[in-house]
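The values are calculated or read from the model by the stated rules, or taken from the named source; none is laboratory data. These numbers were taken from a predicted model, which means no experiment stands behind them. Please note: Cβ atoms are built from the backbone with ideal geometry, for glycine as well, and neighbour counts cover all protein chains shown. For accessibility, only protein heavy atoms count, side chains too; no ligands or nucleic acids. Shrake-Rupley method; radii C 1.70, N 1.55, O 1.52, S 1.80 Å.
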Amino acid sequence: MKADIKSMTPEELGLFIESIGQKKYRAKQIFQWMYKGIYQFEEMTNLSKELREKLEEVAFIEKLEIKRFQKSKKDGTRKYLFALRSGHAIESVFLKYNFGNTVCISSQAGCRMNCSFCASAMTGFEDNLSPGEMVDQILAIESDTGEKVGNVVVMGTGEPFDNYENLCRFIDLIHTKEGLNLSMRAITVSTCGIVPKIEAFGQDYPQVNLAVSLHAPNNEIRNELVPINKKYPMNLLLETCVKHTKRTGRRVTFEYALIRGVNDKKSHGEELAARLASMLCHVNLIPLNTVDEREFKGVERKGAEEFLAILQRKGIQATIRREMGSDIDAACGQLRLQSKV
Ligand code: SAH
């Protein structure tokens, strides 16, 4: 099998290059080419012909194929459907915010978590993405748009902490100077609440932003919406977030999708505020985006504003997330296959 060199760190690539009888410094040149968006060894003109041919034999450079592409007329959000080598497909989103270009990447094809309101769960779990497949979502989008990406959020399909090792390597690759040179603070990882991995992540990547998909003020509601809550109940999850903040000095963001009649009542807002009262955190309210196959409905803008006011009155920092790309189904939870590859 050919080696997946886009999933290798510069050091690993160095060892690989040595293992095929070449000088280690060549690795740096190859790495730089890959991050310039070059996919063919023959285009790596500062390598000898002999080395290029050797690489062709023993290695490959991960390349995602754009299967479909949509652009929002409202705000310039772009959604990509990429085909993977495995035959599965994933989606990624390019968002233009005033603070810079952001790419939302997928970490898995499909998802095991089965949250009841999320479109991503519907295909079931298909595959973990390799670090190279995660990186290439960004490189492919940079090359398609001709624009640099300044922020990366791991909020597409999949549960990143269910693919932890590849996620970590992905972060190393986009952070490294020879890679995308993104600062840790420009990266956000969102989890549905896999407690042991939140702990590990705080130690491994204290500077990376952590977002937790909370969506409920208590266990009863959360068990229904986010089934992993039965394994890692809310008390434990929130205690872990408190520890995370102590360890890293950074606030946690809680995502809360407002679902009509389910978690959007005044009493829910008050209960949530009480539970978060002593925490250094930020609540991101997301009016649920309706998913055709699910019965849940979002709240109107007014409902979201009322919920926001309840939290704010209790001193909880909160905002309503700006909806981007809703006309192309690119908003949260709507990433999914509409056409099989
Ligand atoms: N598995 C990770 C990351 C992917 S989901 C996680 O759960 O955090 C990214 C965010 O979109 C999560 O907060 C998720 O709960 C939310 N989401 C899923 N479906 C949604 C929908 N239909 N409307 C709004 N937000 C949704």
- Query: Quick one: would you say residue 132 is of a type in the set (Gly, Ala, Ser), open to solvent by 20 Å² or more (accessible area, probe 1.4 Å) and modelled with pLDDT of 95 or more?
  - Reply: no
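Is it true that residue 181 is of a type in the set (S, T, N, Q), within 30 Å of residue 303 (Cα to Cα) and touching a helix residue (DSSP H, G or I) at 6+ places or on another chain (Cβ under 8 Å)?
In short, no.
Has the stretch 64-78 got at least one residue that is small (Gly, Ala, Ser) and not in a loop (DSSP other than H, G, I, E, B)? Talk me through it step by step, then tell me what you get.
First pass over the stretch 64-78, keeping only residues small (Gly, Ala, Ser): 72, 76.
This time we only want the ones that are not in a loop (DSSP other than H, G, I, E, B), so: none.
There is no residue in the stretch 64-78 that is small (Gly, Ala, Ser) and not in a loop (DSSP other than H, G, I, E, B).
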- Within the bounds of the stretch 81-93, is there any residue that is surrounded by 24 or more Cβ atoms within 10 Å (Cβ to Cβ), away from the ligand (no atom under 16 Å from the Cβ) and assigned to a strand (DSSP E or B)? yes
- Please state which of the following conditions residue 96 fails to meet, knowing it meets all the rest: (1) within 16 Å of the ligand (Cβ to nearest atom); (2) out of contact with any strand residue (DSSP E or B) (no Cβ under 6 Å at 6 or more places or on another chain). (1)
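Would you point out which residue out of 154, 149 is within 16 Å of the ligand (Cβ to nearest atom) and either in contact with a Phe, Trp or Tyr (Cβ under 9 Å, 6 or more places away or on another chain) or closer than 21 Å to residue 257 by Cα (or both)?
154
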- Note on the structure: Taking the stretch 99-123 and keeping only residues that are in a strand (DSSP E or B) and either within 9 Å of the ligand (Cβ to nearest atom) or within 18 Å of residue 226 (Cα to Cα) (or both), one is left with 104, 108, 110
- Message: Suppose we filter the stretch 58-80 for residues that are free of Cβ contacts under 8 Å to residues at least 24 places away in the same chain and open to solvent by 70 Å² or more (accessible area, probe 1.4 Å); how many remain?
- Response: 1
- Message: Cβ contacts < 6 Å: first residue within 21 Å of residue 38 (Cα to Cα) and part of a helix (DSSP H, G or I), restricted to the stretch 136-164; second residue open to solvent by 10 Å² or more (accessible area, probe 1.4 Å) and of a type outside the set (D, E, K, R), any location; separation 6+ or different chain. Result?
- Response: 138/149; 139/37; 142/149; 143/37
- Quick one: is residue 150 touching a helix residue (DSSP H, G or I) at 6+ places or on another chain (Cβ under 7 Å), open to solvent by 20 Å² or more (accessible area, probe 1.4 Å) and not basic (Lys, Arg)? yes
- Filtering the stretch 110-129 down to residues that are surrounded by fewer than 24 Cβ atoms within 10 Å (Cβ to Cβ) and hydroxyl-bearing (Ser, Thr, Tyr), which residue is farthest from residue 68 (Cα to Cα)? 116
- Query: Which residues, taken from the stretch 304-325, are surrounded by 16 or more Cβ atoms within 10 Å (Cβ to Cβ) and within 15 Å of the ligand (Cβ to nearest atom)?
  - Reply: 304, 307, 318, 320, 323, 324, 325
- Please verify whether the stretch 252-263 includes one or more residues that are more than 20 Å from residue 119 (Cβ to Cβ) and surrounded by fewer than 19 Cβ atoms within 10 Å (Cβ to Cβ). no
- Query: Does any residue of the stretch 67-81 turn out to be modelled with pLDDT under 95 and among the hydrophobic types (A, V, I, L, M, F, W, C)?
  - Reply: yes
- Item | For residue 201: the one exception among (1) within 24 Å of residue 279 (Cα to Cα); (2) crowded, with 20+ Cβ neighbours inside 10 Å; (3) touching a helix residue (DSSP H, G or I) at 6+ places or on another chain (Cβ under 6 Å) | (3)
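Go through the stretch 269-296 and count every residue that is at pLDDT 90 or above, under 21 Å from residue 117 (Cα atoms) and open to solvent by 20 Å² or more (accessible area, probe 1.4 Å). Steps first, please.
Narrowing the stretch 269-296 to residues at pLDDT 90 or above: 269-286.
Keeping just the survivors that are under 21 Å from residue 117 (Cα atoms) gives 269, 272, 283-286.
Within this subset, residues satisfying the condition of being open to solvent by 20 Å² or more (accessible area, probe 1.4 Å) are 284.
Total satisfying the criteria: 1.
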- Query: Quick check: is even one residue across the stretch 166-179 in a loop (DSSP other than H, G, I, E, B), under 13 Å from the mean Cα position of the chain (by Cα) and not hydroxyl-bearing (Ser, Thr, Tyr)?
  - Reply: no
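Given the options 208, 212, 189, name the one that is within 12 Å of the ligand (Cβ to nearest atom), buried (at least 21 other Cβ atoms within 10 Å of the Cβ), free of Cβ contacts under 8 Å to residues at least 40 places away in the same chain and not polar (S, T, N, Q).
189
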